[in-house]
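The values are calculated or read from the model by the stated rules, or taken from the named source; none is laboratory data. Quick caveat: nothing in here was measured; it's all calculated off a predicted structure. All Cβ positions, even for glycine, are placed from backbone atoms using ideal geometry, and neighbour counts span all protein chains on display. When the accessible area is computed, the model is the full protein with side chains, heavy atoms only, and any ligands, DNA or RNA have been set aside. Shrake-Rupley method; radii C 1.70, N 1.55, O 1.52, S 1.80 Å.
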Amino acid sequence: MPIEGFDYKQFSEMLAGQAKELVPAEFDDFQKKYIVQTLLNFSMLAGEAISNDPNMGFNADQAVLLTQIIAEWSFHKSVDLIRSGIDSQYWDGVLQKVAFTIFEIGKQTIQNNIPQDQMLALIEHHVKQAFDGAIDELQQHGVIDETVKQNAQNQSNIDAMVQQAEVQKQEEEAAAAAAQQAEMTQQGIPPEQAQLPPQGTHQAPPQQGGQNKILKLASVALILKTLSQEKVHAILNKFNPDDAQLVIQYMQMNDLETRLDPNVSIQYLKEIKTQLPEPKQLSPSKITERIAKAIKGCENLQSLQEMLKRERPLVRKFIQCAYEGEFYEMPIRIANIVAQHVESSV
């Protein structure tokens with residue numbers, strides 16, 4: 001008997017659509033299509049199995065959660081296999097073992113009311129075991145050599161994406177700090193008189209005055225040297241022209257790092273950071289606001305109504321509650337996916 005509020009076909013297609021935006025750009029068309037289709041296939045199979053097995057006793061939230069976990073790991077391990085150098089004819093066999101493992105471990109942990117963080121950690125542990133075991137079998141059967149085996153087992157797209165997200169977060173914080181500095185900077189000595197300390201000298205930051213401003217701008221230049229030209233341009237547009245020109249001059253100094261005391265720069269950057277707003281967290285109230293804002297900003301009401309008609313009851317109720325300013329209980333990660341879906345659809 002189908003689970004009320006869980007349309008596994010529609011949910012799987014939505015996950016596959018999102019996966020298209022995350023597939024590594026360097027992959028060829030065959031590889032990209034394989035990743036998306038594999039994610040879709042395993043999501044559909046898992047969703048169908050959950051829906052048709054009354055003994056599992058899942059509600060819609062639990063069904064969505066397990067299906068999404070299988071989709072996410074199918075995506076990451078597909079990427080790992082492609083990067084491993086293993087021939088494509090062996091990919092399906094490896095991924096089937098991984099998906100089956102996730103399904104069984106996920107089912108047991110949900111049925112036993114294991115906390116979600118423990119559930120995810122347990123699944124990750126068993127995914128690695130299943131993946132490495134499948135790769136070991138390929139090596140034992142002479143399909144791959146030891147070098148390819150090691151390369152495959154050392155792949156971890158999920159870790160790479162986490163690291164990439166952290167780098168992006170740091171860049172955004174750095175960009176925000178630099179932009180904030182533009183607003184914080186007060187009038188100092190004229191730019192033509194501004195000079196950094198001679199190379200090799202280390203000065204403690206003065207409490208007030210033009211030199212304080214100069215060292216701050218030089219510290220900002222250190223940050224901007226690590227960002228893309230597009231971001232640098234966007235940030236410097238917020239500076240007054242004289243300060244922006246001075247920052248550019250500092251960025252062009254090959255020895256800027258040696259002419260600034262790192263401790264002084266860090267102190268200034270920390271000072272800037274303390275005045276920045278806290279980064280936005282994933283919370284029910286923010287997700288509710290995002291959905292309400294997207295719906296209220298929709299100009300084509302007919303397309304909005306059609307979109308809502310196609311949604312499964314649980315999601316439709318969640319969206320309607322969010323529009324009214326209420327958060328209908330749903331796992332926060334799933335709620336975020338729904339919010340992204342609404343924002344991209346209206």
- Output the residues belonging to the stretch 75-96 that are more than 21 Å from residue 15 (Cα to Cα) and either part of a loop (DSSP other than H, G, I, E, B) or open to solvent by 20 Å² or more (accessible area, probe 1.4 Å) (or both). 83, 85, 86, 87, 88, 89, 90, 93
- Scanning the stretch 97-138 for residues that are surrounded by 18 or more Cβ atoms within 10 Å (Cβ to Cβ) and without any contact (Cβ under 8 Å) to a residue 24 or more places away in the chain, which turns out nearest to residue 152 (Cα to Cα)? 105
- Taking residue 64, is it in contact with a helix residue (DSSP H, G or I) (Cβ under 8 Å, 6 or more places away or on another chain), under 23 Å from residue 87 (Cα atoms) and modelled with pLDDT under 95? no
- Query: In the set 276, 314, 269, which member is modelled with pLDDT under 75, surrounded by 16 or more Cβ atoms within 10 Å (Cβ to Cβ) and farther than 24 Å from residue 67 by Cβ?
  - Reply: 269
- Of these, 28, 53, which one is at pLDDT 90 or above and either closer than 27 Å to residue 317 by Cα or surrounded by fewer than 21 Cβ atoms within 10 Å (Cβ to Cβ) (or both)? 28
